[in-house]
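What follows is one structure encoded as structure tokens, with my remarks underneath.
The values are calculated or read from the model by the stated rules, or taken from the named source; none is laboratory data. Predicted, not measured: the structure shown is a model, and the values here were computed from it. All Cβ positions, even for glycine, are placed from backbone atoms using ideal geometry, and neighbour counts span all protein chains on display. Ligands, DNA and RNA are stripped out before the accessible areas are found, and what is left, the full protein with its side chains, is counted by its heavy atoms. Shrake-Rupley method; radii C 1.70, N 1.55, O 1.52, S 1.80 Å.
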Amino acid sequence: MSTSKLIPDRAMADDGDAPSRDVVGEMNGVTCHAAKVLRSALWAAYGDALGWISELTDEDGLKRRTAGEPLCRPIAWKRRIGGRSGVIASLPAGCYSDDTQLRLATGRAIHPGGFDVEAFARVELPVWLSYALGGGKSTTAAAVNLGKPKVAWFANTFKGWTESGGNGAAMRIQPHVWSARAPGNPESFLPDVIRNAICTHSHPTGIMGAVIHALTLAHTISTGRAPSPDELGTAIAAAENLPALMRNDFEVWNYWRTAYEREAGSFCEAWEQAIANSRDALRIASVNHPSLAGAESYSAIVDNLMLRERQHIGNGILTAVAAVGLTWCETQPVEALRIAANAVGTDTDTIATMAGAILGATAEAEPPVEVLDVDLLRSEATRLSTIAQGGHPQGHRYPDLLHWSAPKTRSDALTLAKNGDLYVSGLGLAHTIEDPISSPQDGFQWQWVDTELGQTLLIKRRVALTQNDETDSVPVNLSPHDTSPTPATGNATSETPIDLEAALDYIAAHIRDSEAIGKSLRNVVYRGTRGQIAAFTASLVDLIREDREATLGHDGHGNI
């Protein structure tokens, strides 16, 4: 079955023809889509901030964290950060976990030309380790491995990589749907969802969780309502076509799949099993539908899916199904996310954040409590929805990946810029919020910082910071009018125009600078059409030869 069959034909219409069930308001076109994306992003972060308070604890532990008060909304609380060698940190009300951190990282790597998987894998994930608030074993191990030189995102073969079936990919892929120009057509966003997922999660269960969540979120944005059990079944059926979709991605199919099959056997057979497992989970979760209502009904779903069992907590498929199941029990996001957060013993924050993304797209209002970095969440949601509508908003400019090296350790990401300001590797300038927190380990501290991006980080650092020359490495603009960062997907589109004349003018002015030539050529290869690449290459050859001939004219030997 084609993936385009996920969304019913009546829901494939423009927003102006959307069903009357669209509760976002009497809006259409750009405004309607922007409102859905904004509320989806805000409620996802709200669910994360609320559910993180009850994650990985029991009833007694939750009472200690909330000082005996019921968990109804995000509050200030304390938690050990950084493992056994970390510190007890006071977390402000609305502080979010790794779920939202990695969602922001995914969003930053999305630009008008697509998903810059290289920047996500080589910059965002390794640097995230230094400020991670939580994080599963697979995501952490994958990020550590990606920080090593020459480890490619499609060949991230860390120990246990083929067994990574957790929900660490599913919880972060919403930006691919928010920025999709045709959310009713899964082929417009699933290739990037797959690329994102296999950076850290190569087991079909982990990939399937990301695919199910992407499809159900896309359904909600397209129709204005969360999917029913039958529509979730349609999404699972659509996912059967994923191997065919993957064949169109050379790096995924020829490199990643080959490596996977060399170690774990046939991917297509494993994918068939993931489809079967998803159908079983749907059948179990929906057994009492449509009589499902309230916390008791959600508790029944939790028990039936065995979401408190050690082997099932964090399972990618079960988490994605449970997030949709929660929407059957409660349609109002504030109550639904409270229910999820109080289901102690489950993966509270991830189920709440994924359900929040779905229900937020149908919400009539924003969350009752603003989470940390709400201005950043708003601006990123606006930027992504603008991309979805064909706009070219400016985004984050990553360092030149030709010369990028990830921080050697988690404590090396925070450094000093040449002017003495704090600098977070790959992310930019920052300033301190309060005094560092001393670590049990000599020579290390934890520091709250505010980045120039607008994100608040509790980052591990050395007491004596080193200087960073990264700010000298800025990507080359192909045109003075091109302010959007360069995507490294290799999937050029007509909507990422390149001013070849300006690019060649730049080359002519820097003809003796091999680094500048290399950067410009790389950018054109990544962003240009085949015709543009051919034209640019031919002109580049002519410019280099002309310069060579002019140089030889000085003394006949090429010496100036």
request  = Using a 1.4 Å probe over the heavy atoms of the protein chains, calculate the carbon and sulfur portion of the accessible area of the chain as a whole percent.
outcome  = 48
ask   = Among Gly114, Ala141, Gly83, which residue has its Cα positioned farthest towards the positive end of the charge dipole of the range 73-165, with +1 placed on the Cβ of Lys and Arg, -1 on the Cβ of Asp and Glu, and the dipole taken about the Cα centre?
value = Gly83
query = For the chain, what relative contact order do you get, as a whole percent, if you take Cα pairs closer than 8 Å and at least 6 residues apart?
reply = 21
task = Please work out how much length the chain gains when fully extended from Asp230 to Gln311, using 0.36 nm per residue of separation minus the C-alpha to C-alpha distance, in nm with one decimal.
result = 26.4 nm
ask   = Nearest 10 degrees, 0 to 90: what angle lies between the long axis of helix 29-52 and the longest principal axis of the chain (Cα atoms)?
value = 70
query = Taking only protein heavy atoms and a 1.4 Å probe, what accessible area per residue, in Å², does the chain have with all protein chains in place?
reply = 41
request  = Please give, to one decimal in nm, the separation of the simple spin-label points placed at Ala244 and Glu501, each 7 Å out from Cα toward the Cβ.
outcome  = 4.5
ask   = Going by alpha carbons, how many degrees (0 to 90, nearest 10) lie between the helix axis of 348-360 and the longest principal axis of the chain?
value = 80
query = Hey, rough spin-label estimate for Glu187 and Gln273, points 7 angstrom out along Cα→Cβ, what's it come to in nanometres?
reply = 3.0
request  = Find how many whole Å separate the alpha carbon centroid of the range 200-271 from the alpha carbon centroid of the range 60-78.
outcome  = 37
ask   = Within the range 104-126, what residues put their amide N at less than 16 Å from the label point 7 Å along the Cα-to-Cβ vector of Ser405?
value = 123
key: Spin-label pair Asn254/Ser85, simplified geometry with 7 Å Cα→Cβ offset, distance in nm   = 4.2
note = If the chain between Glu434 and Asp547 were fully extended at 0.36 nm per residue, the gain over the current Cα-Cα distance would be 35.2 nm
query = For Ala264 and Val525, what does the FRET efficiency come to when R0 = 30 Å and r is the distance between their Cβ atoms, rounded to the nearest 0.05?
reply = 0.40
inquiry  = List the lysines whose Cα sits under 24 Å from the Cα of Lys63, skipping any in the same chain fewer than 8 residues away.
reply    = Lys78
request  = Could you tell me which of Asn254, Ile517, Ala365 has its Cα farthest along the dipole of the chain towards the positive end, charges placed at Cβ (Lys, Arg +1; Asp, Glu -1), taken about the Cα centre?
outcome  = Asn254
ask   = In terms of Cα to Cα distance under 21 Å, which lysines are near enough to Lys519, apart from those fewer than 8 places away along the same chain?
value = Lys150
task = Could you name the aspartates and glutamates whose alpha carbon sits less than 20 Å from that of Lys408, not counting residues in the same chain fewer than 8 places away?
result = Glu118, Glu124, Asp400, Asp442, Asp469, Glu470, Asp472
query = So how tilted is helix 204-223 from the main axis of the chain? Cα-based, degrees 0 to 90, rounded to 10.
reply = 80
